[in-house]
Each structure stands twice: as C-alpha cells, then as structure tokens.
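Please treat every number below as a calculation from the coordinates, not as lab data. These numbers come from a predicted model, not from an experiment. Here the Cβ is made from the backbone with ideal geometry for all residues, glycine too, and neighbour counts use every protein chain on show.
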Amino acid sequence: MKLAFAVLFLSCTLFAQEPTLPLTRGKAEYTAFIGGGTGVGHRSTHQFFYVGGRYGRVLTRDIFSGKMRGNVEYVFDALPLFIVFQPPRNAVGGGFNPMILKYNFTSGRRMIPFLEAGGGVIFTNRDVPVNTNHVNFTPQGGFGTHFLRPNNRAITFTGKYLHVSNAGLERRNAGINASVQFVLGYTWFK
C-alpha cells in the first residue's frame, strides 16, 4: 500500500509541474503570418497587406529577474507577398527583414510578451509612393505577445510602426514616414 501511495504521489507531482517555456537559449521559432496596416498623416491613403514567414533563434539565456526576466532572439522574416494600396495605382511585390532583434519577457506561463526592432527591404512592381522608387527600406519597431497553446505552439499578435523609404536611392524620397501595422501569426517552437 505504501508503494502504491508513493507511486501515486510522485505521478501527481510530475503532472503538477509548470510547463517548460518554449523560448529558451538555442530554441527556434517558426511563424506563418498575415499583416497589414495603414499610413498615417498625409500618407493615410496608403494601406498595406502582406503574407510571410518568420524564423527566429534565441541567442541568450534569461537575463534580469522578476517581470523583466527575458532573453534576446534574432529573427528573419520572408515576405513573398507585399501589397501597397495607393492612389492612383497599387504596387505588388515582396521582400525580407534580415535583421530583427527581439526581447522575449519570459516570466509568464501562458503568454510571452515581446519587444522587437529591426529593418528590411521591399521590392515592388511600381514606385512606393508614386514617382519615387520601387525599392524601399523598412525600419520598424513594435510589441507583441505569444499566446501559448499546447505542444509548443502559440498564436502570435504584433503591433508595430513601419517606416517606408527609398533612403535616397532616388532624388525624390517622399517615403511613408509613419504607418501602423498589425500582424497575426501561428507559431511553432522547436
């Protein structure tokens, strides 16, 4: 009887343990996402829609403690479809964000909030904005949350600021100085 009680007690403690965090040093993140947003101010007539994939790798162990505990992750985004709805003609293309650094706040168990900043480039079939250039750079920054699901998966929501500029590749560099973007993704951690 004592043996049965001991086995039952040990079994219960195994199931009572907190789940392991999916974002620890060396772990990878794979995300499929859709996103979009709108320009603000004098570029409020410009809207964006894009589809992409994300690969990330956690670079550090947890740093800090308490609510600020977290780690640093390197992220790369591929954007095979990037549409800019602009008057008088829309632009379609693709691009990538080769350098995004992300800080994951790992003190929670059901959610992992994060901050990210980085940049990329988009290539379109028409100038964005009109009469500028079809190659544009996209510095960006934002915040989001991984809402954890079973089996090392998450639903990911991100809000970010995106700047679109040809960085002087053409004499005219009107750019889209401010745009607000929202991204929804499904994430696998491995």
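Of 189, 85, how do they rank once you tally other Cβ atoms within 10 Å and put the fewest first?
In increasing order of surrounding Cβ atoms, one gets 85, 189.
Report the relative contact order of the stretch 2-189, percent, no decimals, based on alpha-carbon pairs under 8 angstrom and at least 6 residues apart.
The normalised contact order for the stretch 2-189 reaches 19 percent.
Using +1 on the beta carbon of Lys and Arg, -1 on that of Asp and Glu, and nothing else charged, what's the dipole of the chain about the Cα centre, debye to 20?
For the chain, the charge dipole is close to 380 debye.
Quick one: grab the alpha carbon gyration tensor of the chain, order the square roots of its eigenvalues as a ≥ b ≥ c, and give me rounded if a/c is under 1.5, else prolate or oblate depending on whether a/b is larger than b/c. Can you show the working numbers first?
On the way: a/c = 3.30, a/b = 2.86, b/c = 1.15.
Prolate is the answer for the chain, as a/c is 1.5 or above and a/b outweighs b/c.
Output the relative contact order of the stretch 24-107, whole-number percent, from Cα pairs under 8 angstrom with separation of 6+ residues.
Over the stretch 24-107, the number comes to 28 percent.
Return one number: the angle in degrees, 0 to 90 and rounded to the nearest 10, between the long axis of the Cα atoms of helix 2-16 and the longest principal axis of the Cα atoms of the chain.
Approximately 10 degrees, to the nearest 10.
Quick one: 3J(HN,Hα) in Hz for the stretch 124-133, Karplus 6.51/-1.76/1.60 with θ = phi - 60°, rounded, Gly and Pro as x.
These are the phi-based 3J(HN,Hα) values: 10, 6, 9, 5, 10, x, 4, 6, 10, 7 Hz.
With r defined as the distance between the Cβ atoms of residue 171 and residue 65 and R0 fixed at 41 Å, what FRET efficiency is calculated, to the nearest 0.05?
It comes to 0.20.
Under a crude label model (7 Å from the Cα following the beta-carbon direction), how far is residue 51 from residue 74 in nanometres?
2.9 nm
Tell me, what ³J(HN,Hα) does each residue in the stretch 107-113 have, in order and in whole Hz, if you take phi through Karplus 6.51 cos²θ - 1.76 cosθ + 1.60 with θ = phi - 60° and put x for Gly and Pro?
7, x, 10, 10, 9, 10, x
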